[in-house]
1. Are any residues in region 293-306 buried (at least 24 other Cβ atoms within 10 Å of the Cβ) and under 25 Å from Glu270 (Cβ atoms), and if so, which ones?
2. Scan region 176-199 for residues that are of a type in the set (D, E, K, R), outside any loop (DSSP other than H, G, I, E, B) and more than 17 Å from Glu136 (Cβ to Cβ) and jot them down.
3. Out of curiosity, is Glu702 under 13 Å from Gln665 (Cβ atoms), among the acidic types (Asp, Glu) and either outside any helix (DSSP H, G or I) or free of Cβ contacts under 8 Å to residues at least 12 places away in the same chain (or both)?
4. Report, by residue number, each residue of region 466-525 that is part of a strand (DSSP E or B) and of a type in the set (Ser, Thr, Tyr).
5. Considering only region 204-249, state which residues are assigned to a loop (DSSP other than H, G, I, E, B) and free of Cβ contacts under 8 Å to residues at least 12 places away in the same chain.
6. So which pairs qualify, if the first residue must be in region 139-152 and surrounded by 14 or more Cβ atoms within 10 Å (Cβ to Cβ), the second must be among the acidic types (Asp, Glu) and in a loop (DSSP other than H, G, I, E, B), the Cβ gap must be under 9 Å, and the two must be at least 6 apart or on different chains?
7. What do you reckon, is Ile111 in contact (Cβ under 8 Å) with a residue 40 or more places away in the chain, of a type outside the set (Phe, Trp, Tyr), closer than 18 Å to Ala228 by Cβ and part of a helix (DSSP H, G or I)?
8. Just checking: which of the helices (runs of 4 or more DSSP H) contained wholly in region 532-605 hold 3 or more residues that are touching a residue at least 24 places away in the same chain (Cβ under 8 Å) and not β-branched (Val, Ile, Thr)?
Amino acid sequence: MSYLNDLVVDCLQTERAFCAAECPFSLDIPDFINKLQQGRFSAAFKTYQYTVGFPGIVSALCHEPCKLVCPLKGHGGAISLRLLEKATIENARTTTPEQYNMPPKDKKIAIIGGGICGLACALRLTTRKYNVTLFEKSDRIGGHLYNVAEPEVFLEDINQQFSHESYTLELNREIKDLKDLDFDAIFIATGKEGNDFGLLRSSDGAYATSAPGVFIGGSVTGANTMQAIAQGLDVSTAIERYLKVGRMDQPETERGTKLTVDAIRIVPNEAIFPVNEISYSKEEAIAEAKRCLTCKCDACKHYSPLLNYFDKFPRRVTEEVEITIVPSSLDGDATMATRLIATCNHCGLCKDVCPVGIDVGEFLLQSHRTMREKDKMPWAFHEFFLRDMEFSNSDAALSRLPEGYNKSKYFFFPGCQMGASEPEYVQRSYKFLIDHYPDTALMLNCCGAPADWAGDEPIHSKVLLQIKENWITLGKPTAIFACPMCKTMFSKYLPEIKGIFLYDLIKEKGIMPHNKFKEITASVFDPCASRHEPVLQNSIRELATQVGFTLEPLPMEGKMAECCSYGGQVAIAHPPYARYTAQKRVAQNSNPYITYCTNCRDIFTREGKQTWHILDILFDLDFKPQDKLPTISQRRYNRLSLKQQMLNEFWNEQFTLKTEDMVIQIPEKLKEKLNNEYILESDIQRVINECEQSGSKIYNPEKDIYTGYMQIGNMTIWAVYRIIDKDNFELINAYGHRMKIED
């Protein structure tokens, strides 16, 4: 199976701009414009000259079909391409055609008609050094151009473009029968109402007729002036194909585009008009060129944090991933995109902004699973998160009906991160629910997102099964979610469990009014998992307004919500990207944020942004954003503490937290290091305990410290410590690495 073709078959990245699709010459207008934007008039002219053949004639006579489809037409005025084309002629260092030093070819081509279509064909063929004879029944070349332009304008351009080329011109020579011609190929370009010799365009190939070696085009087939020139240039390729391989099946030049206006970003900008009312100055031409949107479908790269950061379109991503998954290297162990695969936040924005719904995130998730099945995905990216999920679903897990009930209408599923960040959120929320819906059950579990993001199907299935069994035991109640990501995971993998949001219920039942936030202007930051939850988004804004906030919108919110940087395995797989993403989010405006995801709140707070969780506001909690956030070790303790608190308060049941006899003193700076490197303090405790129990340690008498290690999971963790007394230790340093120590 080709991953590449499956994903990007409908991608619009390479689709023509609207103007280029309408241009009879298929001029690469974005490239032409790009050169002008840089002030490279000579380079722009060369592009234009080669494409249109006769730049002076085309710039003077073109009817500008591009203007009719320019998205700026109603937003300041369509781009004036004809004036820009004239500017390249006037400002290029030289307008002399290139001289091609090629050996002459022995094939002879007859062109019937000395109008602009026949001349265009002759120009292209003579440039390629074919032997061309042009037959014109009148006494002059140029055909109908005499009716639409001054002779000196077009004759000068024709003479200049043929300045390095030669052809045989037979004036006053009318061809009445093709049998009179002895040539290898013939092109009929006799003009409007001219002699078509009883031949019509064939569907077998571009400009082909039913007669072998005979082609037809230009005004005799109904083309206008610009189309006639373009066809004269284009037919040369069909003729050359016939001369080389004897076939007249040259494909028709593709026209049109699948690009849609919705796929581009329109920035209104007023048109530039030449001061002299005739032609642009250099400065005016550059300014007009800079108005151009250079229409291309780049919404994914513009909006998707991942594609924007790595400056890659989906096609490039899929190429790199395919090489990684289906390597062609000799050892079959290519790892080009391994980190890229694990860096996606899985926020879903790329799919929503794509006009054809290409989901790069889902593609990377499937690729991650494939890499895991091949055992090629580095365990270091996901091991911590899987261990943390296992802790949430074992030691810290709880699934209970309220006292006196044997089934429930609702069960509260706060997710694993809310209680880890702030246990009081869960406790106060559950109390609210019990007060209003007394039969509400509680389920403290992880939704399985870490296993899903890690591509570990067996572990993920096990988590889902545990949740489903708990749900059945509780009487198949409706879930009440506090975390949008949990709701997303349930909708995708456990659709039989219907769910609603805690915040919608709070809005429905009403809140205690207070005016603490009356003078504050804030912005709501929608978690990326809430993208398709407009009712939830509105509820949060109504609740924030009810307590006095004045709200200002963010540039990206609602359906365009961006990830805070938490999703996936980014924090370990690519820390610089995670930090970059978080900083980009907090820089959207200077207002404090209100969010309804604890991960968003914690990440933004860590970046120095004043951020409230909506529950801080609704329950009037004492949480202060500048307070120290819990470390990864404290987050585990918080989950256990939450379980203890909930059992005690709502079930009158004692749950004793397991404590170790060993006490380890860890300086605050070292705690920060452990947190940043995802090393648990409980793992350090295990290392020191193992060293003391086994005696496997190294002693440094000068500093009176010990060094030892232990492999926990796949990670080897080292601890440098000092013994204060029998059960009291001071941690001096700690670190972990992927090497396995062989005794």
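The values are calculated or read from the model by the stated rules, or taken from the named source; none is laboratory data. Source: prediction; values computed, not measured. Cβ placement follows ideal geometry from the backbone for every residue including glycine, while neighbour counts extend to all protein chains displayed.
1. Across region 293-306, the qualifying residue is only Cys295.
2. Selection gives Lys179 alone.
3. Numbers: under 13 Å from Gln665 (Cβ atoms): no; among the acidic types (Asp, Glu): yes; either outside any helix (DSSP H, G or I) or free of Cβ contacts under 8 Å to residues at least 12 places away in the same chain (or both): yes.
So Glu702 does not fit the description; no.
4. Passing the criteria: Thr478, Thr521, Ser523.
5. Within region 204-249, Ser210, Gly222, Gly246 qualify.
6. Gly143/Glu136
7. no
8. Numbers: elements: 534-546, 570-573, 575-586.
Fully inside region 532-605 and qualifying: 534-546, 575-586.
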